[in-house]
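The block underneath contains the structure these notes are about, expressed in structure tokens.
Every read-out reported here was derived from the displayed coordinates using simple, explicitly stated rules and does not represent laboratory data. As the structure is a prediction and not an experimental result, all values here were calculated from the model. With ideal geometry, Cβ positions are generated from the backbone for all residues, glycine too; neighbour counts draw on all protein chains shown.
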Amino acid sequence: MTTLLRQLKPAFCIKSMATSDNGVEITWKDGHQSFYHNLWLLDSCRCPKCFQRDTLSLNSGHDLLKIPLNPTTEKVTIDPEGNLDIVWGGQETGHHSVFDPSWLRVHCYNDPALKQKSKPQLWDASVSISYFDYHEVMNDDDVLLSYLNQLVELGVAIIENAPNDEQSFRALVERVGPLRQRYHPTNVFTMDRQNTVAQAIQHSYQLGRLRNHTDVTAFDIPTGIQYLQCTLYDNPDNDRQAYSTVVDGFKLAEVIKTENPYFFELLTTEYIPAGRRRLSVEEKLSENDFSPRKYEWEAYRRNHLINLDENGEVYQIRYNHNTRIPLEVSYDKIQDLLTAYRRFSQLLQDPDYNAEFLLTPGQVLVVDNWRVLHGRTGIWSPFLKRTLLGAYLEEETFRCRRRILLGEKTGMSNLWLMGCSDRALEILADRYV
Ligand SMILES: [Fe+2]
């Protein structure tokens, strides 16, 4: 195994260790000190008695009711491989735990780096979107990881040189994981300007400008990643009709927070409900066939426009002008909330924040639908032809694939990779000199 020959960075190597009444203090070779409580160590033990190696989950032998709340150690050493080796005493006499030092380091409670999420890079209209080659993404895990990392940092990427067929498009999405089930007969949809049935019931097929928005705002969990592949663009006017637009919703949230904290508070605490009632489908299943099957949906959701996580960081934007329904807000806040909402809407169309570009056949626009709002410039020529293929991934599916790829880079076993946070995996993926 080549990984065994690679040298770990000092942060992942134990320099010295000392025990106290209730824990173990480790000094690392980069000078950092960590303290691990005995109870935490015993509760986290991954010996075969406590932890099932096959299912990678706690074993029934790990009995929380029998764990002593003040466990004592009999012998604590650093083994020849550099692991922390503990033989327990007292009630647990003979119980033996071995801890991988890299795993211990990313579980240190007093390392601030572990508590920080990797910060997204906020952007405006001057953003430089990264392009990735379809075939490299399909065949090279390192390129796949770079592209997924780009989605974490910027929320947007473009894949180019994609073959112009639905099967290849589906394969690109499935390179990350299974497609999200839509409330439609198909999980890959075709947006064709010539589809008159669709035009009657769906904004994105209509003429005029498509305002920047996030998709499926009326559902409990919005779709995570959206893929849109251009398969045809033919514009006899040769002007900027049907150009793609994207806006960084996290950037707009920051702009609002800076210029008007009260607006930010309203948009993060008051509800902008969304609704969607659709009792037919617009998709063509074959040349002359519109599905006889009915996919009926009647969705309703109360959510904030700007959603914060447990650390007060923005993690999700939900905005779709077309699916907004009457506000549910107290009488005294109606004017302020709508003014705050209008400010966000204004920023969405502001050329300073709006990146605009032509998506050409063979290019796939990939956006994080929890962050980046997408739209397109107007269409006014009846002769313009444009066809897109579209599909979605769940946010979870995207995160899982990235976590697996990061885990592979660490060279660590499943036993220690299982259950590490995203941040811990990012740090571990970079643990070698
Ligand atoms: Fe959309």
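Given a cut-off of under 8 Å on Cα pairs at least six residues apart, what relative contact order in percent is computed for the chain?
After rounding, I find 23 percent.
For region 259-267, what does the Karplus curve 6.51 cos²θ - 1.76 cosθ + 1.60, with θ = phi - 60°, yield as ³J(HN,Hα) per residue in whole Hz, taken in order and with x for Gly and Pro?
Taking θ as phi minus 60°, the curve returns 7, 7, x, 5, 4, 4, 4, 4, 6 Hz for region 259-267.
Measuring from centroid to centroid over Cα atoms, what is the spacing of region 212-267 and region 328-376 in Å?
Using only Cα atoms, the two centres lie 5 Å from each other.
Among 117/409; 75/117; 49/117; 257/333; 117/333, which pairs are too far apart, with a Cα-Cα distance over 27 Å?
75/117; 49/117; 117/333
So how do 60, 413, 34 line up by other beta-carbon neighbours within 10 Å, fewest first?
Ranked by crowding around the Cβ, least crowded first: 60, 413, 34.
Determine, at each q value in 0.11 (inverse angstroms), the log₁₀ of I(q)/I(0) that the Debye formula gives when each Cα of the chain is one equal point scatterer.
These q points yield log10 I(q)/I(0) values of -0.95.
If each residue's Cβ is checked for other Cβ atoms within 10 Å, how do 135, 374 rank with the fewest at the top?
Ordered from fewest to most neighbouring Cβ atoms within 10 Å, 135, 374 come out as 135, 374.
Using helices alone, what [θ] at 222 nm do you get for the chain, with -39,500 (n - 2.57) per DSSP H run of 4 or more residues, divided over all residues and rounded to the nearest 500? Could the numbers behind the result be given before it?
Details: 14 runs with 116 residues, N = 433.
After summing the helix terms and dividing by the residues of the chain, the value is -7500 deg cm²/dmol.
Rounded, prolate or oblate: which fits region 53-99 when a ≥ b ≥ c are the square roots of the eigenvalues of the alpha-carbon gyration tensor, with rounded for a/c under 1.5 and prolate only if a/b beats b/c?
Cα axes put region 53-99 in the oblate bin.
Taking the Cα centre as origin and putting +1 on Lys and Arg beta-carbons and -1 on Asp and Glu beta-carbons, what dipole magnitude results for the chain, to the nearest 20 debye?
On the way: 47 positive and 58 negative charges, 117 e Å.
It works out to roughly 560 debye.
Run through the DSSP bridge list for the chain and note the antiparallel percent, rounded to the nearest 5.
95
Would you give the gap between the C-alpha center of region 378-424 and the C-alpha center of region 54-78, rounded to a whole Å?
36
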